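Peer 1: Below you'll find the structure I mean.
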C-alpha cells in the first residue's frame, strides 16, 4: 500500500517536481519511496538549496525479463567481476563526484543514504576490473517488491560498460530476492539501450502499491561471498 506522506497523488502538481522542503532525514527519504517520490536537491531558482521531492510524470522502469544484452556488452562483462555491498562508500563517492556532468548528490544525500545502507534498506553493486580497480557501480533503495536505482557510475578510462555490468548483477540479485519492480526514475539513452521504458505516473504508482504489498526477501548476497565473474553473471542472466 502506498504511504500518504505527500497527500493523495491526485492532488499532486502535474509536473515532475511535486514539492520541496528544508527538512530532510533518512526516515523521511525512506517514507518518500513508499509514496512513489524521491529526493533530489534543488540547485537553481528561488528555492536553491532546499530538498526537492520528485515523482516524474513519465516514470522510467526496467522490466527484469526484457533486459537487452548486446554482443559488445557481453564481451565487456566477461572482463569484470561484480560484488554486492562490499564498497558502498566508494560507490557513493564516485556517484557524487562533483566533476561528473549533472552531478546532484550532496552531503545530505550521502549522509542519509549511508545511514539507510547500514540498516539494510540501501544496497550497492560494485564492478571490478582484472587489476582489482573499482571501475563501476550503482546503489539504490530496496522496499519490499520494489528497488529504486538512485545513481550509477563508470570509470571512463578503465570501465567501459562497467555500470551496465553492475546493472546486470543488480537484476540477478533482484530476481533472487523476489523484486519485480525496478524503478530507474528518468529515462536516459544508457538505460533505454538496455530495455528501459516509461509509464505514466498513475500507472507507476499503481504498480508500486502492488509491489509494496508483496512478500519480500531481504536476504541479499553477503558481501564476503558475493564475488561473481562476468562469465557466471551472463550465465545467471540466461538462466533467469
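Peer 1: Determine which member of the set 160, 175, 169 is more than 25 Å from residue 117 (Cβ to Cβ) and in contact with a helix residue (DSSP H, G or I) (Cβ under 9 Å, 6 or more places away or on another chain).
Peer 2: The match here is 160.
Peer 1: A further question on this structure: Give the range 97-125 a look and list any residue that's at pLDDT 95 or above and either outside the structural domain of residue 224 (by TED's automatic domain parsing) or more than 21 Å from residue 27 (Cβ to Cβ) (or both), or say none.
Peer 2: Listed by number, the list holds a single entry, 125.
Peer 1: Sticking with this one: Only one of 127, 114, 83 is touching a residue at least 60 places away in the same chain (Cβ under 8 Å), outside any loop (DSSP other than H, G, I, E, B) and within 16 Å of the chain's Cα centre (by Cα); which?
Peer 2: Going through 127, 114, 83 in turn, just one is touching a residue at least 60 places away in the same chain (Cβ under 8 Å), outside any loop (DSSP other than H, G, I, E, B) and within 16 Å of the chain's Cα centre (by Cα): 83.
Peer 1: Something else now. Report yes if residue 27 is farther than 17 Å from residue 113 by Cβ and at pLDDT 95 or above, otherwise no.
Peer 2: no
Peer 1: Separate question: Run down 36, 52 and say which single residue is outside the structural domain of residue 154 (by TED's automatic domain parsing), part of a loop (DSSP other than H, G, I, E, B) and buried (at least 18 other Cβ atoms within 10 Å of the Cβ).
Peer 2: Only one candidate passes the filter, namely 36.
Peer 1: Being farther than 30 Å from residue 231 by Cβ and out of contact with any strand residue (DSSP E or B) (no Cβ under 6 Å at 6 or more places or on another chain) is the filter here, so list the residues in the range 107-120 that pass it.
Peer 2: Passing the criteria: 107, 108, 109, 110, 111, 112, 114, 115, 118, 119.
Peer 1: Please determine, by comparing only the residues of the range 18-33 that are touching a residue at least 60 places away in the same chain (Cβ under 8 Å) and outside any loop (DSSP other than H, G, I, E, B), which one is farthest from the chain's Cα centre (by Cα).
Peer 2: 26
Peer 1: Sticking with this structure for a sec: Test residue 9 against the stated conditions and say whether it is touching a residue at least 24 places away in the same chain (Cβ under 8 Å) and either closer than 30 Å to residue 161 by Cβ or loosely packed, with under 13 Cβ neighbours inside 10 Å (or both).
Peer 2: no
Peer 1: Just give me the residues in the range 214-235 being at pLDDT 90 or above and surrounded by fewer than 17 Cβ atoms within 10 Å (Cβ to Cβ), in sequence order.
Peer 2: Residues satisfying the conditions are 227, 229, 231, 232, 235.
Peer 1: Output yes when any residue across the range 96-103 is touching a strand residue (DSSP E or B) at 6+ places or on another chain (Cβ under 6 Å) and either crowded, with 21+ Cβ neighbours inside 10 Å or in contact (Cβ under 8 Å) with a residue 12 or more places away in the chain (or both), and no when none is.
Peer 2: no
Peer 1: Something else now. I need the strands (runs of 3 or more DSSP E) fully contained in the range 145-240, keeping only those with at least 3 residues that are in the same structural domain as residue 110 (by TED's automatic domain parsing) and over 26 Å from residue 120 (Cβ atoms).
Peer 2: So the answer is 197-200.
Peer 1: Taking residue 177 as the residue in question, decide whether it is modelled with pLDDT under 95, more than 13 Å from the chain's Cα centre (by Cα) and closer than 26 Å to residue 232 by Cα.
Peer 2: Spelling it out, residue 177 is indeed modelled with pLDDT under 95, more than 13 Å from the chain's Cα centre (by Cα) and closer than 26 Å to residue 232 by Cα.
The values are calculated or read from the model by the stated rules, or taken from the named source; none is laboratory data. Computed from a predicted structure; not experimentally measured. So basically every Cβ, Gly included, is an ideal-geometry build from the backbone, and we count neighbours across all protein chains shown.
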